[in-house]
1. Short version: ³J(HN,Hα) in whole Hz for each residue of region 3-8, in order, from phi by Karplus 6.51 cos²θ - 1.76 cosθ + 1.60 (θ = phi - 60°), x for Gly and Pro, what are they?
2. Read phi for every residue in region 79-87 and hand back ³J(HN,Hα) as whole Hz from Karplus 6.51 cos²θ - 1.76 cosθ + 1.60, θ = phi - 60°, with x for Gly and Pro.
3. So, by mean Cβ neighbours within 10 angstrom, what's the order for 45-54, 75-84, 14-23 with the highest one leading?
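Where a number appears in this text, it was derived from the coordinates with a stated rule and is not lab data. Model, not experiment: these values are computed from the prediction. So basically every Cβ, Gly included, is an ideal-geometry build from the backbone, and we count neighbours across all protein chains shown.
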Amino acid sequence: MNFLLIGKPNVGKSSIYNILTSGSKNIVHKDEGTTRDWHKGKIKNFNNLIIYDTPGIIEDNKKINKVQFYKLYKIIDKFIYVIDYKT
């Protein structure tokens, strides 16, 4: 099963990704835009569960890579929309 972390920049997607994959592959920083690449990893202790991390969707500037997103969209089973509870 494939999961996709999606949401606006700097809401904690990479932190969740790092926790679920038992890694620190993605850089976590308070400044927006730290994650610039898409990442894929196996969820720890579940080899058949794959999670993808995205740089975030910036609607105003349309910075999302649409080609990459649509290719990935076809294989995703569940979307995990991450929000910042403060906003």
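1. Result, ordered by residue: 10, 10, 7, 9, x, 5 Hz.
2. Per residue, the Karplus-derived 3J(HN,Hα) values read 9, 10, 8, 9, 10, 8, 4, 6, 10 Hz.
3. Details: 45-54: 15.9, 75-84: 12.8, 14-23: 17.8.
The packing order, highest mean first, is 14-23, 45-54, 75-84.
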